[in-house]
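Laboratory data are not the source of any read-out in this text; all were calculated from the coordinates shown. All figures in this text were calculated on a predicted structure; none of them were measured in a lab. Positions of Cβ are generated from backbone atoms using ideal geometry, with glycine treated the same way; all protein chains shown enter the neighbour counts.
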Amino acid sequence: MLERRTLLQGTTAALGAAGLAQPALAQGREVQVVWMGWPDGQVLPIMQEIERRNAGMRLRVERFPFGEIFQAIDVRLQARSPSPDIYIVDGPLTAYYAVRRHLAEIEPIIGREGMQRYAPSVIEQGSVGGRLMSLPLYTSSSVLFCNARLFRQAGIPIPSADPAKRMTWEETLELARRLTNPAAQTWGFVVDQADRPYSILPFAQSKGASMLSADGFTATGHVDSALFVEAMRWYGELYTRHRVSPPGLFDTALAREMFFSGRAAMFLAIDGIPALAGGRDLEWTATAHPYFAGGRAVTPTGSWHIGVNPRGTNRAMADAFIRSYANPEVVAMQTRVRGAPPTMPALWQTMAADYQGDFWALVKHEIETTGVPRPATPGFREYEDILRIAIREIVGGADAGPRLRRAAQDIDRELQKYRT
Amino acid sequence: MKGAVVARYVALSVILVLLVAPLAWLFISSVRPASEIFRWSHEFGWRTFVPAELTLQNYATLHEIGYWRALRNTIFVAGATMVLGVLVNAAAGFAFAVFRFRFQRTIFVLVLLSAMMPFEGIVIPLYTLVRALGLVDTYTALILPEVASGFVIFLFRQFFAGLPREFYEAARVDGATWPVIFWRIAIPLSWPVVVTGAMMLFIMQWEAFFWPLVAAPSPDYTLVQIAIARNRSMEETAWGRMFSATTLACLIAIVPFLVFQRFYLRGLTAGGIK
Amino acid sequence: MTVAAHGRGGWLRDSGIGTQAGTLMIALFLAPALLGLVAFRLVPIAIALVGSLFGETLAGDLVWRGLGNFERLLGDPNVWHSVRVTLLFNLLINPLQVLIAFGLALLVLRPAPGIGLFRAAFFLPMTLSIGLTAMLWDILLNQHVGPVNALIAQLGFARQGFFHDENQALATMIVIASWKGCGYWMIFLLAGLAAIPEELHEAARIDGASAWQRLRYVTLPLMRRPLAFVLVADTAANFVFFAPVFILTSGGPNGATDLLMFRAYETAFTFGDWGRSLALSTIILLIVAAIAAVELRLLRDDGTQAG
């Protein structure tokens, strides 16, 4: 079977014969890590700690800007390059990489005991066919943030952070109507990732709709099912009919700015918001992610993972890196500098000082009881992108039924290639 | 006559405002504290453009994203590409314009075609080649593939072909060799084209993002656009610093143009055959 | 000043001055550039063209598809829609940008107090990368966060969706691309205008020609070559325009900005079908080459240079 790599290497060998080629440099004991462009404070201390724990290991960490990180990684993986040794993986994309043989299995590296320290939802997110293919790095949850000042000004009691007092979506809409003030350009309800499945699927899941077939290859019958369509229609009407949400605000950073500058009364967003709101003149509280009356409470979860390149020439060191990253002390350190919820349940206790207060109690509760990871499919990227465009158009006024039917067909067509 | 002058400056000023106002907002935002940047952006009033508070914090913290290093890298890479590129492409453009040789048309068509292929189509073979040559994470990988440019060759070819044949023939009669004619006659006569060709190459490297990310991702070789993009992660965007990094990049990139543009009128006005 | 008539019409047939030179000399002039182009462009392009005839299994093994990728693309109505949008986009943006650039160049040509600053200011948008341009305009034109809609509302009109309005998205793309690019193309035309000897304008003025007549009979004929360059280079650049689409609209709303290059990018990096993406890139290459050939023919030098 002719391999792309053979074809390309053949060509470069030809050029090499012309006297231009030199052998590729040996890797030495350096581990090449491709990481997200997170701030120094979230990355460097951990990397230094890992080097400290592994004598002789030298890490070369390349931090990529988030706009092009996937594409740049893809070029190298597609070229079957041995570099990078380690790379950051968006949790739901684990199957995408695994099916293309870009990931080495994790269990042989950290052992069953190592795996069992993690929460079930993050193991599920990183697994393909029951095998753990990417090491969980972070997890997340979503809550409804409230601008206390706007609530007070409207004379509305601030919702409680107690998950037992979770509001329904219908109740939330009522509040949003009262809190929307066109004259002051404030909106009652804003979503931080207004077109992404992360934020939107829980609406459909709350109604009891299924996201995708069990084998992960078929969207028709799920994405265009009556319950899913109903949920999406309800969501779209927030923008088009009730006008409690700002249409066309799909940029996450700008949506957050709206909340930080006090123009969003309620903000459905990821748990990292308080850390980002620091220094702003904002009084915020949190309440539980709403649900549809008669349905179940569902919150999104899942986040970044770490992948090992099976073609890396430095496997011994790469494996050592993974083992260090799976060490609860390192996980605690990483989680702390990021201000994220822990991926290991035990850490809620050992790091209790960091997780004081109603907000964290709520987050812990959601992760443990209502969190549902995004659907497992090797075609997640296709699924997400096609769905995103459909959601945008529904927010823009398109009829949910036909639009989702078309999206389901597009998804099925692209997922065909995985049915082998 | 006076009316024409006034009309010209009015037109120039209107266009200036249209082209520069968005950048002015960006520059002004770079000296605003984070909470102020978007506070007035949704209005169109004097508060949108005139900051109430000023801060240089966004400039002071640029080293945190490796910005100064990236600037140095980019100036070097862009400068080297510019110098090498002008020489190499002008020479080829000269050959196409002045000489006659076999398969000339075919080769020229290939030269043009080489510049018309979408980059994403060739990025993987290009990366594999660069890796096989052991050039990943080197300045060479950033500079070398961008030196020869089909359109810059085209640019020079267009210009040199516009010079009268008598120019070249007279010089040959005087016994000048082709390299001398190229270097001492053709290039000096074509300063405006040299300047624009140089700017073309400079800007191309100044804007480079995807190729450097693939071929030289190490922090030592970061270029300015990547450094600017470091202000954005999935979770947070350091708007103020993004704007300050961008402002500096724009202002520095305009310097070569400011320096070179006075060469524009040196053209052929003194020309003719001596 | 002597009249030089070199070559007969048609840029392709006119191989320039056509003076004699030894093979070694020609090689000396051509080799560095051609070597670079062959190694870093032509060979990868050839590989890509061949690659468009293949597909890939998930494991990375190549699978022969022959013209299968092309058949699939040409049989897909969405692709044809994309072709239409791309052609419309280019039909509008290329002449527009060249005309505006030409106008700008004429405006900043003659020396005047402060003209250098105006030239630099017109060029300034070009120093902003296309990604940052998209981000900046997304903010400025945003209905909720940006000042442009605020101004529109103050003037009494309804707020506009711009990038997020199906009927405005493509036009908005054209406007921001032109905002950024016109100053750039201006400098090439400026170089061309600066190369026209002042004596020719003087002579025409003495003959009683109006400004418009001078433009038509002196300037334009001598600007054929620079205009040909700008038109072809701009066309090539606009056919592969996609970054703002990728960042802001993902081809929408409702396919309004569904450009071929975006499709090629999406097919490679989202759908992971490299063979099909290369086929799309090949199609783009063929269209650009065809249009460039037409443009060059339209602007062919008729062989004379006035004296």
#### Entry: Kirkwood hydrodynamic radius over Cα pairs of the range B:73-123, then Stokes diffusion coefficient at 4 °C and 1.567 mPa s, in µm²/s
100
### Message
Could you tell me how far the Cα centroid of the range B:1-51 sits from the Cα centroid of the range A:258-288, in Å?
### Response
31
### Query
Taking Cα pairs under 8 Å and at least six residues apart, what relative contact order does the range B:2-55 come out at, in percent?
35
### Message
Between the range A:358-393 and the range A:170-191, what is the separation of their alpha carbon centroids in Å?
### Response
24
## Note on the structure
Along the dipole axis of the protein assembly as shown (charges at Cβ: +1 for Lys and Arg, -1 for Asp and Glu; origin at the Cα centre), the most positive-end residue among B:L54, B:A11, C:L124 is B:A11
### Task
Could you work out, residue by residue across C:111-121, how many beta carbons of other chains sit within 10 Å of that residue's beta carbon, and then give the average as an integer?
4
### Summary
Expressed as a whole number, the average count of other chain Cβ atoms within 10 Å around the Cβ atoms of B:135-145 is 2
### Message
Through the Karplus equation 6.51 cos²θ - 1.76 cosθ + 1.60, θ set to phi - 60°, convert the phi angles of the range C:42-54 into ³J(HN,Hα) values in whole Hz; use x for Gly and Pro.
### Response
5, 5, x, 5, 4, 4, 5, 4, 5, x, 6, 8, 10
### Query
Pick from A:G114, A:G221, A:G278: which residue has the top mean-square fluctuation in a GNM of chain A where Cα pairs under 10 Å get a spring?
A:G278
### Task
Provide a whole-number value for the mean count of partner chain Cβ atoms within 10 Å of the Cβ atoms in peptide C:46-59.
5
### Task
Extending each Cα 7 Å along its Cβ direction at B:I107 and A:R311, get the distance between those two points in nm, one decimal.
3.6
### Task
Give the Rg/Rh ratio for the protein assembly as shown, taking Rg as the radius of gyration of the Cα atoms and Rh as the Kirkwood radius, to two decimals.
0.98
### Message
Please enumerate, by chain and number, the aspartates and glutamates with C-alpha under 12 Å from the C-alpha of A:K417, excluding those fewer than 8 residues away in the same chain.
### Response
A:E382, C:E56, C:D273
### Task
Quick one: which residues, 5+ away or cross-chain, put their amide H under 5 Å from the amide H of A:S127? H built at 1.01 Å from N.
A:M133
#### Entry: Mean Cβ count within 10 Å, highest first, over the residues of peptides C:252-263, A:72-83, B:177-188
C:252-263, A:72-83, B:177-188
### Query
Between A:Q356 and B:H63, what is the label-to-label distance in nm when each label sits 7 Å out along the Cα-to-Cβ direction?
3.5
### Message
Can you tell me, using C-alpha contacts under 8 Å and at least 6 residues apart, the relative contact order of chain A as a whole percent?
### Response
27
## Note on the structure
Given backbone amide H placed at 1.01 Å from N, residues whose amide H is under 5 Å from that of A:T299, ignoring those fewer than 5 places away on the same chain, are A:G371, A:V372
### Overall Cα dimensions of the range A:175-214 - principal axes, largest extent first, Å
48, 18, 9
### Query
Going by a ≥ b ≥ c, the root eigenvalues of the Cα gyration tensor, does the range B:2-55 fall in the rounded group (a/c under 1.5), the prolate group (a/b larger than b/c) or the oblate group?
prolate
### Message
Rounded, prolate or oblate for the range C:58-298? Axes are the square roots of the Cα gyration tensor eigenvalues, ordered a ≥ b ≥ c, and the cut-off for rounded is a/c under 1.5.
### Response
oblate
## Note on the structure
The set of residues whose placed amide H lies less than 5 Å from the amide H of A:W284, leaving out same-chain residues fewer than 5 positions away, is A:A148
### Task
Could you pull out every one of the lysines with an alpha carbon less than 20 Å from that of A:K165, ignoring same-chain neighbours closer than 8 positions?
A:K207, A:K364
### Query
Points 7 angstrom from Cα along the Cβ direction at C:A153 and B:V10: gap in nanometres?
3.3
### Task
Take the alpha-carbon positions of chain A, form their convex hull, and give its projected area averaged over all directions (one quarter of the hull surface) in nm².
22.5
### Query
If the chain between A:R177 and A:R149 were fully stretched, how many nm would it gain, using 0.36 nm times the residue separation less the Cα-Cα distance?
8.4 nm
### Query
Hey, what do the phi angles of the range A:248-261 turn into as Karplus ³J(HN,Hα) couplings, whole Hz, using 6.51/-1.76/1.60 and θ = phi - 60°, x for Gly and Pro?
x, 9, 9, 7, 4, 4, 5, 4, 5, 4, 4, 5, 5, 8
## Note on the structure
Fewest-first ordering of C:S250, C:S52 by Cβ atoms within 10 Å yields C:S250, C:S52
### Message
Quick one: the Cα spread of the range B:62-266 along its three principal axes, in angstroms, biggest first?
### Response
68, 40, 24
### Query
For the range B:23-99, which GluC sites (Glu not before Pro) are in a loop by DSSP, counting at most 11 other Cβ atoms within 10 Å?
B:E53
### Query
Could the peptides A:162-173, A:119-130 be put in order, highest first, of the mean number of other beta-carbon atoms found within 10 Å of their residues?
A:119-130, A:162-173
### Task
Looking at chain A, send over the antiparallel percent of its DSSP beta bridges, to the nearest 5.
55
### Note, ³J(HN,Hα) from phi for the range C:266-276, Karplus 6.51, -1.76, 1.60, rounded to Hz, x at Gly and Pro
5, 4, 6, 8, 9, 8, x, 9, 5, x, 5
### Task
Write down the radius of gyration of the range B:7-165 and its Dmax, each obtained from C-alpha positions, in Å.
23.3, 68
### Task
Quick one: work out the % antiparallel among DSSP beta bridges in the protein assembly as shown, nearest 5.
60
### Message
Which one, B:F99, A:L254, C:P32, is farthest towards the positive end of the dipole of the protein assembly as shown when Lys and Arg carry +1 and Asp and Glu -1 on their Cβ?
### Response
B:F99
### Message
Below 8 Å between Cα atoms, with a sequence gap of 6+, how large is the relative contact order for chain B in percent?
### Response
31
